[in-house]
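The values are calculated or read from the model by the stated rules, or taken from the named source; none is laboratory data. None of the values given here were measured: they were computed from a predicted structure. Heads up, the Cβs are rebuilt from the backbone with ideal geometry, glycines too, and the neighbour counts pull from every protein chain shown. Note: areas computed on protein heavy atoms with side chains; ligands, DNA, RNA excluded. Shrake-Rupley method; radii C 1.70, N 1.55, O 1.52, S 1.80 Å.
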Amino acid sequence: TTSDKHVFFVFGASGDLAKKKIYPTLWSLYRDGLVPENIHFIGYARSQLTTEKIFENAHKYMKVKDDEHEAYEKFLKLNSYVPGSYDKAEDFEHLHSETNKITKQPTAHRYFYLALPPSVYDSVSEMISKHCRPESPGLLRLIVEKPFGKDLESSNKLSEHLNKSYSEEEIYRIDHYLGKEMVQNIIVLRFSNKIFSRVWNRDSIAAVNIIFKEDIGTQGRGGYFDEFGIIRDVIQNHLMQILSILAMEKPRSTTGEDIRDEKVKVLRCIAPIKLEDVVIGQYTGDKESTDPEHQEGYLDDKGVPKDSTTPTFAQVVLFVNNERWDGVPFILRAGKALNEKKAEIRIQFRDVPGGMFDDNIQENNPNGKLARDELVIRVQPNEAVYLKLNTKRPGEMDFSIEETELDLTYKERYQDVKLPDAYERLILDVFTGSKINFVRSDELQEAWRIVDPVLAEIDKKKIPVIPYKFGAVGLREAFAGAAKHGYIYTGTY
Ligand code: BG6
C-alpha cells in the first residue's frame, strides 16, 4: 500500500559496481519518479565512510543535469551509510536497528543489493537473513550478481546455501543482458510476428551467431577476470541467456514463470560443449598502436599472473537437440580487446534452392551461392533490427542482384525515445516484483551443466590460447570454425 515504507540497501557501497552502476541507477530512477514513495537508501561496507564521501566518489557517474540539482539534493537526503563487517552478527543487528530507527516501521520492505566479491556472499546473505529481516508482512528481496560460482559444483553450493535462508521467490539473480531493450524485444519479434514463427526452425535457419565484442581490455580488473575467463564472464550467462530466449518454445503467457519454464526446457536440450567446437584466445599488446591502452597485452595487467592461459576470447558451438533445432549450430563468440564494442545476434537462413540467379553470385560469397537472407538483431550500440536480403540492383536492365537491408534502426525510427539502461529496468523490476528478467536457479544450473565439462577439460589439458593483437577484428580460427559449421559470412572481417 502507499503508506508502506521501503529500504534499498547497497552492500559494497564503496565499491566499483556501486559507484558506477547502482547509485547512478537509483538516482535516475528517483529522478524519473520510478522508485516507490517513502523510500530510503542505506549503503553498507566495511570502511568508515560517510554518505557525502560515497557520492563524491560516484559523482562523475551520476550525471546530474543543471536543472536537477534540487531533486538531487532531495535524493541525497534519502541516503544513509552504515559501516560494518561482512561476518559479525552484532554489525548486522546494528544495521537492523538503524534501519528501524530510520523507517520507524519494522514492516518496511527491504531490498538488499549485494555488490560484493563472491568470497563474502555466503556470510553476508546468511547474516542478512538472520538479523535483518523485516517484520511480517514486510517483504525481503535479495539481489545478487554473478559470478554465481565458478563451475557447476560451486554454483550449486552457493544455491544450496542461499536456499537455506531464502525462498526462490526472494532471490533476484541479475544478468544485466536481460535488461537490454533488444534482448527483451526478442520475445516480441518472435511471438507477435507470424512471418517469423513459420520459419523459426531448422527447415529455414542454417545457423545462428551470437556475438559479443569489446574494444577494451581488462582495465585493471585482471585480478577478477583471470579467475574466470571469458567463457564464465560472458558466454555462460549473457550469451546463453540470449540463446535460450531465441530458441525456446512459445511460453504460455508473458509471466516470469511461464517464460522461465520454456528457457529451462530448451537449455535442457543442449548437450555439453565439445572441446573440438571451442576456439580460445588471449590478447597481446599491439606495440605499433598509437593508443597506449592497445600496447598493453592481457599479461601486462597487474592482476594477471605472467603465465596465465585464461582466455579473453572464446567461440563455442552449441546444438539444441530437439525437433525444432536439430543440427542447427548456435555459434557463441565473445572477445575483449577487439576492434569495436558490439553485441549482435545473426540468424542466417538457408540458401534459396534452384539456380535461377546463378549468374549473379557475388564474388565474395564463399558459399558459391546467392547471399543468404539474414536477420540481425543489434543489441548494442545503436540498437537495430535489420533483415539482409537480395534485391534487383536499381536501374539495371537485367536481373543484377544486390544485397541490401530492410533496416529498423532505433535512433532513426524512434528518435524521441530514450532507452533506459539495463540496470534501471532490472532494479525497477525488483520493486514491482517482476521476475521475467531474472535468472532462476534451474536455468543457472543448466547453463553451468553445458559449459562445465569443457571448462574442466581446457584446464586439465592446458589447452593453449591463440594470441591475438589488441584491436583485432577477431580470430581467423574462430571464423573458420563458424564457416565449418555452415555459417557463411559474406561481409568483410
Ligand atoms: C559484464 C562482464 O558482465 O558485462 C564484463 O563481467 C563486461 O567483463 C560487461 O565488460 C559488458 O556489459 P555491457 O553492458 O557493457 O555490454
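Tell me, please, whether a residue that is more than 16 Å from the ligand (Cβ to nearest atom), modelled with pLDDT of 95 or more and of a type in the set (S, T, Y) can be found in region 237-252.
yes
Can you find a residue in region 276-295 that is away from the ligand (no atom under 16 Å from the Cβ), in contact (Cβ under 8 Å) with a residue 60 or more places away in the chain, within 27 Å of L189 (Cβ to Cβ) and β-branched (V, I, T)?
no
I'd like the full set of residues that are within 13 Å of the ligand (Cβ to nearest atom), touching an Asp or Glu at 6+ places or on another chain (Cβ under 7 Å) and of a type in the set (K, R), limited to region 173-203.
Across region 173-203, there are no qualifying residues.
Looking for whichever is in contact with a Leu (Cβ under 9 Å, 6 or more places away or on another chain), at pLDDT 95 or above and among the β-branched types (V, I, T) here; the options are I361, I401, I347. Which one fits?
Answer to the selection: I347.
Pull up region 204-230, narrow it to residues that are surrounded by 23 or more Cβ atoms within 10 Å (Cβ to Cβ) and assigned to a helix (DSSP H, G or I), then point me to the one that is farthest from the ligand (Cβ to nearest atom).
G229
Please verify whether region 374-394 includes one or more residues that are under 24 Å from the mean Cα position of the chain (by Cα), closer than 30 Å to K180 by Cβ and of a type in the set (K, R).
yes
Residues to consider are K74, K146; find the one that is crowded, with 17+ Cβ neighbours inside 10 Å and of a type in the set (D, E, K, R).
Selected residue: K146, the only one of K74, K146 that is crowded, with 17+ Cβ neighbours inside 10 Å and of a type in the set (D, E, K, R).
For region 87-103, how many residues meet the condition of being open to solvent by 30 Å² or more (accessible area, probe 1.4 Å) and either without any contact (Cβ under 8 Å) to a residue 40 or more places away in the chain or over 11 Å from I128 (Cα atoms) (or both)?
Number of matching residues: 11.
Can you tell me which residue among V82, V124 is among the hydrophobic types (A, V, I, L, M, F, W, C), assigned to a strand (DSSP E or B) and either under 22 Å from V430 (Cβ atoms) or in contact with a strand residue (DSSP E or B) (Cβ under 8 Å, 6 or more places away or on another chain) (or both)?
Residue meeting the stated conditions: V82.
Provide a single number: the residues in region 414-458 that are small (G, A, S) and closer than 25 Å to H6 by Cβ.
3
Cβ-Cβ under 8 Å, sequence separation 6+ or interchain: first residue in region 342-359 and open to solvent by less than 50 Å² (accessible area, probe 1.4 Å), partner among the small types (G, A, S). Which pairs?
Qualifying pairs under 8 Å: Q348/A206; Q348/A207; F349/S204; F349/A206; D351/A206.
For region 366-378, state whether one or more residues are of a type outside the set (D, E), assigned to a strand (DSSP E or B) and without any contact (Cβ under 8 Å) to a residue 24 or more places away in the chain.
No, region 366-378 contains no residue that is of a type outside the set (D, E), assigned to a strand (DSSP E or B) and without any contact (Cβ under 8 Å) to a residue 24 or more places away in the chain.
How many residues are of a type in the set (A, V, I, L, M) and either part of a helix (DSSP H, G or I) or free of Cβ contacts under 8 Å to residues at least 24 places away in the same chain (or both) if we restrict to region 1-41?
Total meeting the criteria: 5.
From the set of residues in region 42-68 that are of a type outside the set (A, V, I, L, M), under 24 Å from D429 (Cα atoms) and in contact (Cβ under 8 Å) with a residue 40 or more places away in the chain, which is most open to solvent (accessible area, probe 1.4 Å)?
Going through the qualifying residues, I end up with Y61.
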